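Engineer: Take this structure, written in structure tokens, and hold onto it; I'll ask about it next.
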Amino acid sequence: MSSKGAEFRKTDLQIHSPRDRSWEGEHPETLTEELSPSGIETVREAFCCSFIEKCIAEGLQAIAVTDHHEGVYAYKVIDTLRKLQAENGPVDLWVFPGMELTCRDSCQALIIFDSLLPEPLFGKARAKLNLPTDVRPHEAQGIQVELLNYDVEELQALLEEDDELRGRFIILPHVKPNGHKTVLRTGFHKRFKELPYVGGYMDQCYPHELEDGDRRILNGEIPAWSSEKRGVISTSDARHADFRLIGEHATWIKLASPTAESIRQAMLAPDSRILYDEPNLPSVVINSMTVRGSRYLENGIYSFNQQMTSVIGGRGAGKSTLLECIRFALGCSAIDDTKSPSSATTRLRKILEETLDSQNGEIVLEVLLNGTPLRITRRMNNKDMIKVEAEGTEEISTVEDIRRLIPTQQYRQGELSDLAHEDAEKRLLDLVTGQAAQRLGNIEGDLKKNSQALSESLAKAVRLSAARQARAHAETQLKILRAQIENLNKKLNLEVQFSTSAVSDHEKYLRQESALASARDFVERSKALVERNFREIMRESDKITNNQPIFTELPELQKAFESLKISPYSEGAKLEDSFSRILSLFERQLYQLSIAEKEWKPFQLKHQKDYEEQKNSLAGKQTIIENIEDLRNREQVTLEQLETATREENELRDTDTHLNKLRQERSTLEKELSTIASEQIAKIKADSSGLACGRLALEPDLTEVKESLRKGLDLPKLRQQRLDTILSEIRKADDKSAKWTEIQDEMLNLLMWKVGAPAERGKPPETPILQSALEDAFMEKLREKITLENVSVMLTAIVRPRAEIFHMRNGNPIEFRKASQGEQAATLLNILMNQSNGPLIIDQPEEDLDNKIINAIIQTIRKTKSERQLILATHNANITVNGDSENVIEMVLGKQKSGGAIDEPDVRTAITETMEGGKDAFELRRKKYNF
């Protein structure tokens, strides 16, 4: 269950050993005086170790040692590599034994054997070619090269007639134009066309360096030479003691195993399997999935190729379940899709719940994200949280976090066809804009944060409005209360004269008591505020200066960050010193207040005693005094209300500005959504390979607006018709977002009016759009029932973009929903294949497609694989075989029966026996599989 199939490997398949008669530099044998067989073997092994180290240093992953007509050193390198692996662990290097052959028609060819071909069989091949039996292996140089007694085209049949050699070698003639003993030479076109070989090699040269005519011959574009494209590898032809050319003119070949057959596959699919520059591979790759606690799907590891993996098998084999498990780990499974009414989604949800044990069920994905390995773990007993391990750290993330972290696109069986329905417009837009999913995801994240901040800011704005009204109301009440107290005091003083009256001075004592309490409250709040803010400054300072600067050799940069640090030995120490002095000031103030309170308490108690005695002595004046006391109590309460309202107003004084800023920010994000959607829609023609075009719809998506109106105007007996009237005002407007903002403004003004003046509201604000739709009766109800929640839900709703997609039929655009299911699926598949938004996971993409369309999409698949990983469950053999799937997973009754590249015999058998059109698909590549 661990094979990943075919992967690109950096190769150099023509390297010579010191036994080559054209070797340049010292021979290992000259480095020892001990010329016994054991002494020679020792120095050769040392040479091979150095040789292997050089290959690894050059990043080579597959090499062939190809001496002329022999393989002495080839097997010495293989044996040395085996010893190194036994001592030090695995080495990612395949070594192929090979020979460079010179035929009697003056044509050269490489013959490359399986890496694991036993040495006796190599000798058998030499015997079939009538090469000398004794190669004098202990001599420094190899045997003198004589021409083979065969023409180059005879070699294949000669070796293939041997049962032990058949299928274990590949012959690659020299195809470098004007090269030494090449088959690409004047007058050779008829023989070249009839050569039984699927590829060739050229040393120290790349195909793109050839003249146009020679390139066209190799590409099969000149029928006189050939109508079939030949796979061509470039090699170093290295033969120097200092290894100077090893790895020069390397070729990246997509290989599944260290076999000649795997090289043959590359020759037959050169466009997707042979490169001359380092491959550009997908940046996001799911490497493997580990299943634990499963009742149906086999527990274990399922490996995926970084390019294309096909999951095949009969009905009920477990293909869809396997894909659904991948989606589960990524937070995109049927379990997470609670809104879809699709019966397929419901069925997969049930399958997943029945497959993974509710307590022990667990899926682990190994993911490569821009070169960083991640491990994603999700358990059935805690589905809301997903564990992410990376770089030695562990973090618990939400489902939404994982969706943003690992961009993917996934479609279940039949889901692509559903996107053409009118109720799937948003999902269709999501598909079309998939290339910008990361940017759109960031905007959606910003909108979510903005929504929360806007709701909080609105609540504060309502508090600010209420505080302003409370302050104004308290100020008015104080004026009235103090006027009454003053009048009653005058009346009391006229009727009763005191030289020193505790009664007449009582108000002064009350004011002093209040001022002393306010002073303590002010100092304590100020001290707490400074402490809180300084702690925040300290945290921010540590965060900004941590491990900074990076470039310590820049003195001014060093000084800048040093000045920001708050420590005893930095410039920031002055800030800490100032903070300490401020705290000391507050402490002294509180200490002084404590002393003053101790002084004040007996003074105030004496006054209170005198006041009670004098008050009791004023017979007949009790009513006036009681009224004054009552008014003074009310004055004190009102003063406290004024202080609270003033403090609240001061704390919230910037709220209106902040609310407007958040609304403007939301408007900007809304416009960015439309801009990105417009950019992506403009690419539809190219992304669909000309099958479709599109534009941003004049009428946007008002789904959010409609829902917010329903919630915001939740009034008894209010009919949908009145809400539709408001929506029609938006639709009629040239700037629909601006019109929606006007409606939001009306609701906001109405809320502020209601909250801001509960007792004396006066005339309500103008709301022309709402008034025209609701009329007087419902407007009156709205003024009474409007709440913070009503307005909040409306302020956070936005006008979203909507796409109009057209299928191109014979050059004419038709509405996408009116195209046939096959046309729709072909268009959507092409768009998906031409995007590079992380792994693409599709269950049976061939549904609704005929073979003609599938064959066209196969061309897109081949191009797509370098941009994004494909994981497809399919019944169609053409997709797997002619799409050149790098890895195939055969599922049978929930278990992986076979796996690997389509080079593997078991995989080929599975394709022909279980897939629709298996033999027909292979017939298209008849040479490849020898049918």
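The values are calculated or read from the model by the stated rules, or taken from the named source; none is laboratory data. These numbers were taken from a predicted model, which means no experiment stands behind them. Ideal geometry is used to build each Cβ from the backbone, glycine not excepted, and the neighbour counts take in all protein chains shown.
Engineer: Being without any contact (Cβ under 8 Å) to a residue 60 or more places away in the chain and hydroxyl-bearing (Ser, Thr, Tyr): is that true of SER106 here?
Structural biologist: no
Engineer: Can GLY300 be described as closer than 24 Å to VAL881 by Cβ and surrounded by fewer than 17 Cβ atoms within 10 Å (Cβ to Cβ)?
Structural biologist: no
Engineer: Looking for whichever is in a loop (DSSP other than H, G, I, E, B), at pLDDT 95 or above and either in the same structural domain as ASP12 (by TED's automatic domain parsing) or under 28 Å from GLU278 (Cβ atoms) (or both) here; the options are LEU60, LEU110, LEU81, LEU35. Which one fits?
Structural biologist: Unique residue meeting the criteria: LEU60.
Engineer: Run down LEU774, LEU829 and say which single residue is over 30 Å from ILE443 (Cβ atoms), out of contact with any Gly (no Cβ under 6 Å at 6 or more places or on another chain) and surrounded by 21 or more Cβ atoms within 10 Å (Cβ to Cβ).
Structural biologist: Unique residue meeting the criteria: LEU774.
Engineer: Among (1) charged (D, E, K, R); (2) assigned to a helix (DSSP H, G or I); (3) over 40 Å from the mean Cα position of the chain (by Cα); (4) closer than 19 Å to GLY98 by Cβ, there is one condition LYS181 misses while meeting the rest; what is its number?
Structural biologist: If we test LYS181 against (1) charged (D, E, K, R); (2) assigned to a helix (DSSP H, G or I); (3) over 40 Å from the mean Cα position of the chain (by Cα); (4) closer than 19 Å to GLY98 by Cβ, just (2) comes out false.
Engineer: Continuing with this model, one more query. When only residues in the stretch 63-75 that are over 18 Å from LEU245 (Cβ atoms) and modelled with pLDDT under 95 count, which is surrounded by the most Cβ atoms within 10 Å (Cβ to Cβ)?
Structural biologist: Looking at residues that are over 18 Å from LEU245 (Cβ atoms) and modelled with pLDDT under 95, I get GLY71.
Engineer: When VAL175 is evaluated against the numbered criteria (1) among the hydrophobic types (A, V, I, L, M, F, W, C); (2) buried (at least 21 other Cβ atoms within 10 Å of the Cβ); (3) free of Cβ contacts under 8 Å to residues at least 12 places away in the same chain, which criterion, by number, is the only one it fails?
Structural biologist: Every listed condition holds for VAL175 apart from (3).
Engineer: Continuing with this model, one more query. Look at ILE871 and say whether it is surrounded by 24 or more Cβ atoms within 10 Å (Cβ to Cβ) and outside any strand (DSSP E or B).
Structural biologist: No: the conditions fail for ILE871.
Engineer: If you check GLU643, GLU626, GLU670, which single one turns out to be farther than 30 Å from GLU531 by Cβ, touching a residue at least 40 places away in the same chain (Cβ under 8 Å) and either among the hydroxyl-bearing types (Ser, Thr, Tyr) or not in a strand (DSSP E or B) (or both)?
Structural biologist: Being farther than 30 Å from GLU531 by Cβ, touching a residue at least 40 places away in the same chain (Cβ under 8 Å) and either among the hydroxyl-bearing types (Ser, Thr, Tyr) or not in a strand (DSSP E or B) (or both) holds for just one of GLU643, GLU626, GLU670, which is GLU670.
Engineer: Within the group THR338, THR377, THR346, which residue is among the polar types (S, T, N, Q) and in contact with a strand residue (DSSP E or B) (Cβ under 8 Å, 6 or more places away or on another chain)?
Structural biologist: Every option except THR377 fails the conditions.
Engineer: Please count how many residues of the stretch 374-400 are in contact (Cβ under 8 Å) with a residue 40 or more places away in the chain and either under 22 Å from LEU840 (Cβ atoms) or part of a loop (DSSP other than H, G, I, E, B) (or both).
Structural biologist: Number satisfying all stated conditions: 6.
Engineer: With respect to GLU228, is the statement that it is over 27 Å from ILE15 (Cβ atoms), assigned to a loop (DSSP other than H, G, I, E, B) and not assigned by TED's automatic domain parsing to the domain that holds THR372 true?
Structural biologist: Values: over 27 Å from ILE15 (Cβ atoms): yes; assigned to a loop (DSSP other than H, G, I, E, B): yes; not assigned by TED's automatic domain parsing to the domain that holds THR372: yes.
In short, yes.
Engineer: Are any residues in the stretch 385-442 more than 14 Å from the chain's Cα centre (by Cα), of a type in the set (Val, Ile, Thr) and buried (at least 16 other Cβ atoms within 10 Å of the Cβ), and if so, which ones?
Structural biologist: If the condition is that a residue be more than 14 Å from the chain's Cα centre (by Cα), of a type in the set (Val, Ile, Thr) and buried (at least 16 other Cβ atoms within 10 Å of the Cβ), then ILE386, VAL432, THR433 are the ones that fit.
Engineer: Inspect the stretch 599-617 for any residue being surrounded by 13 or more Cβ atoms within 10 Å (Cβ to Cβ), of a type in the set (Lys, Arg) and not in a helix (DSSP H, G or I) and give the result as yes or no.
Structural biologist: No - not one qualifying residue is present in the stretch 599-617.
Engineer: Sticking with this one: Inspect the stretch 370-384 for any residue being surrounded by 12 or more Cβ atoms within 10 Å (Cβ to Cβ), more than 28 Å from PRO282 (Cβ to Cβ) and of a type in the set (Asp, Glu) and give the result as yes or no.
Structural biologist: Within the stretch 370-384, not a single residue is surrounded by 12 or more Cβ atoms within 10 Å (Cβ to Cβ), more than 28 Å from PRO282 (Cβ to Cβ) and of a type in the set (Asp, Glu).
Engineer: Taking the condition part of a loop (DSSP other than H, G, I, E, B) and surrounded by fewer than 23 Cβ atoms within 10 Å (Cβ to Cβ), does GLU278 pass?
Structural biologist: So GLU278 passes the test.
Engineer: Also, I was wondering about something else. Filtering the stretch 281-303 down to residues that are within 18 Å of the chain's Cα centre (by Cα) and assigned to a loop (DSSP other than H, G, I, E, B), which residue is farthest from ALA64 (Cα to Cα)?
Structural biologist: SER283
Engineer: Here's another thing I want to ask about it. Would you call GLU571 more than 38 Å from the chain's Cα centre (by Cα), among the charged types (D, E, K, R) and either at pLDDT 90 or above or not in a loop (DSSP other than H, G, I, E, B) (or both)?
Structural biologist: Values: more than 38 Å from the chain's Cα centre (by Cα): yes; among the charged types (D, E, K, R): yes; either at pLDDT 90 or above or not in a loop (DSSP other than H, G, I, E, B) (or both): no.
It is false that GLU571 is more than 38 Å from the chain's Cα centre (by Cα), among the charged types (D, E, K, R) and either at pLDDT 90 or above or not in a loop (DSSP other than H, G, I, E, B) (or both).
Engineer: Kindly check whether there is at least one residue in the stretch 351-362 that is within 15 Å of the chain's Cα centre (by Cα) and surrounded by 18 or more Cβ atoms within 10 Å (Cβ to Cβ).
Structural biologist: No; the residues of the stretch 351-362 include none that is within 15 Å of the chain's Cα centre (by Cα) and surrounded by 18 or more Cβ atoms within 10 Å (Cβ to Cβ).
Engineer: Given the structure, is SER451 assigned to a strand (DSSP E or B) and at pLDDT 80 or above?
Structural biologist: Working: assigned to a strand (DSSP E or B): no; at pLDDT 80 or above: yes.
It is false that SER451 is assigned to a strand (DSSP E or B) and at pLDDT 80 or above.
Engineer: Cβ contacts < 8 Å: first residue touching a residue at least 24 places away in the same chain (Cβ under 8 Å) and over 14 Å from LYS527 (Cβ atoms), restricted to the stretch 583-606; second residue of a type in the set (A, V, I, L, M) and surrounded by 10 or more Cβ atoms within 10 Å (Cβ to Cβ), any location; separation 6+ or different chain. Result?
Structural biologist: Pairs found: ALA596/LEU516; GLU597/LEU516; TRP600/LEU516.
Engineer: Checking ALA46 against (1) part of a helix (DSSP H, G or I); (2) under 18 Å from SER17 (Cα atoms); (3) among the aliphatic types (A, V, I, L, M); (4) at pLDDT 95 or above, which test does it fail?
Structural biologist: (4)
Engineer: Please specify each residue of the stretch 709-723 satisfying the condition of being assigned to a helix (DSSP H, G or I) and either of a type in the set (Lys, Arg) or touching a residue at least 12 places away in the same chain (Cβ under 8 Å) (or both). Lay out the reasoning, then the answer.
Structural biologist: Residues of the stretch 709-723 assigned to a helix (DSSP H, G or I): 709-712, 720-723.
The answer is LEU709, ARG710, LYS711, GLY712, ARG722, LEU723.
Engineer: Right, here's the next one. Of LYS717, LYS739, which residue is surrounded by 15 or more Cβ atoms within 10 Å (Cβ to Cβ) and of a type in the set (Lys, Arg)?
Structural biologist: Exactly one of LYS717, LYS739 is surrounded by 15 or more Cβ atoms within 10 Å (Cβ to Cβ) and of a type in the set (Lys, Arg), namely LYS739.
Engineer: Of all residues in the stretch 688-705 being among the hydroxyl-bearing types (Ser, Thr, Tyr) and surrounded by fewer than 22 Cβ atoms within 10 Å (Cβ to Cβ), which is nearest to GLY434 (Cα to Cα)?
Structural biologist: Filtering the stretch 688-705 for residues that are among the hydroxyl-bearing types (Ser, Thr, Tyr) and surrounded by fewer than 22 Cβ atoms within 10 Å (Cβ to Cβ), the one nearest to GLY434 (Cα to Cα) comes out as SER689.
Engineer: Going residue by residue through the stretch 578-585, is there one that turns out to be surrounded by 11 or more Cβ atoms within 10 Å (Cβ to Cβ), of a type in the set (S, T, N, Q) and either under 60 Å from the mean Cα position of the chain (by Cα) or not in a helix (DSSP H, G or I) (or both)? Reasoning before the result, please.
Structural biologist: At the first step, the residues of the stretch 578-585 found to be surrounded by 11 or more Cβ atoms within 10 Å (Cβ to Cβ) are 578-580, 582-583, 585.
Restricting the remaining residues to those that are of a type in the set (S, T, N, Q) gives 578, 580.
In the following step, the residues that additionally are either under 60 Å from the mean Cα position of the chain (by Cα) or not in a helix (DSSP H, G or I) (or both) were identified as 578, 580.
Looking through the stretch 578-585, at least one residue is surrounded by 11 or more Cβ atoms within 10 Å (Cβ to Cβ), of a type in the set (S, T, N, Q) and either under 60 Å from the mean Cα position of the chain (by Cα) or not in a helix (DSSP H, G or I) (or both).
Engineer: If ILE841 meets every condition in (1) closer than 14 Å to THR874 by Cα; (2) of a type outside the set (Lys, Arg); (3) without any contact (Cβ under 8 Å) to a residue 24 or more places away in the chain apart from one, which number is that one?
Structural biologist: Here ILE841 clears every test but (3).
Engineer: What number of residues within the stretch 210-242 satisfy the criterion of being at pLDDT 95 or above and touching a helix residue (DSSP H, G or I) at 6+ places or on another chain (Cβ under 7 Å)?
Structural biologist: So the count comes out to 1.
Engineer: Next question, about the same structure. Across the stretch 320-350, what is the number of residues that are at pLDDT below 85, more than 21 Å from GLU400 (Cα to Cα) and among the charged types (D, E, K, R)?
Structural biologist: The number of residues fulfilling the criteria is 1.
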